[in-house]
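Derivation of every value follows stated rules applied to the coordinates shown; laboratory data play no part. Predicted model, so just to flag it, every value in this text is computed and none were measured. Cβ atoms come from the backbone with ideal geometry, glycine included; neighbour counts cover every protein chain shown.
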Amino acid sequence: MAEQNVITSMLDDLSTEQPIQTALCIGQNLAQYDTNHLIQWTHFNVSEFLNLPFTRRYDLGFVLFDLDEMLNLPVPQKSQILVKLRDLFAKRIVVTCALADEQLLRSLGFTQLIDKTSHEQNFALWQFNILTYKHVPDWFNSKFWANPENWNKFRW
């Protein structure tokens, strides 16, 4: 399990970027680490979450794959949890996991927060933020689409 000071400082950093009012946690209830914020935490275990119907969207989703009971989850089940959380339930997601889950998280569009070479433990921290997921390219605007001023000037 990630250290308490890492979780507390991460919540501080995330709440300065965007306000967090509601949060969903899978694995362990993190409400005890939220001493500085007034976040409404909702906790689910894996089976509860996978059977949960979509009822609301949360500001933050937190998944703890580095717990003893979650280390032995099969990769398809981990993927199912992350995809459901990313697509339906959370605007931002933070995942703590073992280093072996790097390929899965990278393939789902997550970015690494803590460099795995900076410490000696089997611990990695990943995030997904829908607001910073994809940079909008310059050509993707109306300026480069239909140009009525050029209709009779150039052969299309």
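Positive contributions from Lys and Arg (+1) and negative ones from Asp and Glu (-1), summed over other residues with Cβ under 11 Å from the Cβ of Ser79, come out at +2. Length gained on full extension, Thr16 to Glu69: 15.9 nm, using 0.36 nm per residue less the C-alpha separation. With unit charges on the beta carbon (Lys/Arg positive, Asp/Glu negative), name the residue among Phe49, Gln112, Asn29 whose Cα is farthest towards the positive pole of the charge dipole of the range 4-150. So the residue furthest toward the plus end is Phe49. The HN-Hα couplings worked out from phi for the range 50-63 by the Karplus form 6.51 cos²θ - 1.76 cosθ + 1.60 (θ = phi - 60°) are 5, 9, 6, x, 6, 10, 7, 10, 9, 6, 9, x, 10, 10 Hz, whole numbers, x standing for Gly and Pro.
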